[in-house]
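Worksheet: one structure, shown below.
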Amino acid sequence: MYVVRRLFRRTRTYECRARAGARSDPTSLYLLHPWSRMIDERGYRPNVGIVLCNGHGQVFWARRCGRDGWQFPQGGIRAHESPEQAMFRELHEEVGLQSQHVEVLGCTRDWLHYDIPGEYLRRSGPFRGQKQMWFLLRLVGRDQDVRLDASDKPEFDAWRWIDYWGALEQIIMFKRDVYQQALAELEPLLRKP
């Protein structure tokens, strides 16, 4: 049995398939799409977002290093990567988890976009925000498997489990709509055994 999500970009349709109930590894999820590798014509950088849940339906919530801001793990897609590959790389770099620690429950059907307000932009030019493909993962490892120091430059310095919808109350305003869209689309996948 497969969880199938259709991804739409312009007139093409692509599929995201994950074996339902299978522990995830890089071959259990196939993304069939010629993904853009850099800032698109509208000024959005391709990115992945990760909603990591535990067996109680709570989600992983992490604090940015040296800041008060908390968020889900996320990161850019490199030129040679598919969104799935970027998701597993970011999962390891930011959270210290490997593919054997998680089960991929699914992903969003399409890119979700947000604009970054001018006061938060670190660069000038055509860049205006992120377009994100969101993944829902279930932790099948242990809490002790989480290692925020897995990379040379840690992204987070603290983490906790929060209620599934609790992120909307805490995330910075300009990301709130994308978080709401991702959580709403992915929530039904939590109920599947």
Checklist entry - How much FRET efficiency would the formula 1/(1 + (r/R0)^6) give for Leu190 and Leu168, where r is the Cβ-Cβ distance and R0 is 22 Å, rounded to 0.05? => result 0.90
Checklist outcome for this item: Ignoring ligands and nucleic acids, Trp111 exposes an accessible area, probe 1.4 Å, in Å² to the nearest 10, of 20
Next on the checklist: Given axes a ≥ b ≥ c from the Cα gyration tensor, I'd like to know whether segment 70-137 is rounded (a/c under 1.5), prolate (a/b larger than b/c) or oblate.
Outcome noted: prolate
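Set the Förster distance to 41 Å, then compute FRET efficiency between Tyr120 and Asp143 from the Cβ-Cβ distance, nearest 0.05.
0.85
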Checklist entry - Over segment 66-176, what percent of the accessible surface lies on carbon and sulfur atoms, probe 1.4 Å? => result 45
Next on the checklist: For a test of the definition: using alpha carbon positions, the gyration tensor, and the 1.5 limit on a/c, classify segment 44-185 as rounded, prolate or oblate.
Outcome noted: rounded
Next on the checklist: Probe radius 1.4 Å, ligands and nucleic acids left out: which of Met173, Met87 has the largest accessible area, and how do the rest follow?
Outcome noted: Met173, Met87
Checklist entry - What would the Debye formula give as log10 I(q)/I(0) at q = 0.14, 0.15, 0.23 Å⁻¹ for the alpha-carbon point model of segment 113-193, no solvent? => result -0.70, -0.79, -1.30
Checklist entry - In nm, what is the difference between 0.36 nm times the number of residues separating Trp161 and Phe127 and their Cα-Cα distance? => result 9.0 nm
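The values are calculated or read from the model by the stated rules, or taken from the named source; none is laboratory data. Remember, predicted model here, so these are calculated numbers, not experimental data. We place every Cβ from the backbone using ideal geometry, glycine too, and count neighbours over all the protein chains shown. Note: areas computed on protein heavy atoms with side chains; ligands, DNA, RNA excluded. Shrake-Rupley method; radii C 1.70, N 1.55, O 1.52, S 1.80 Å.
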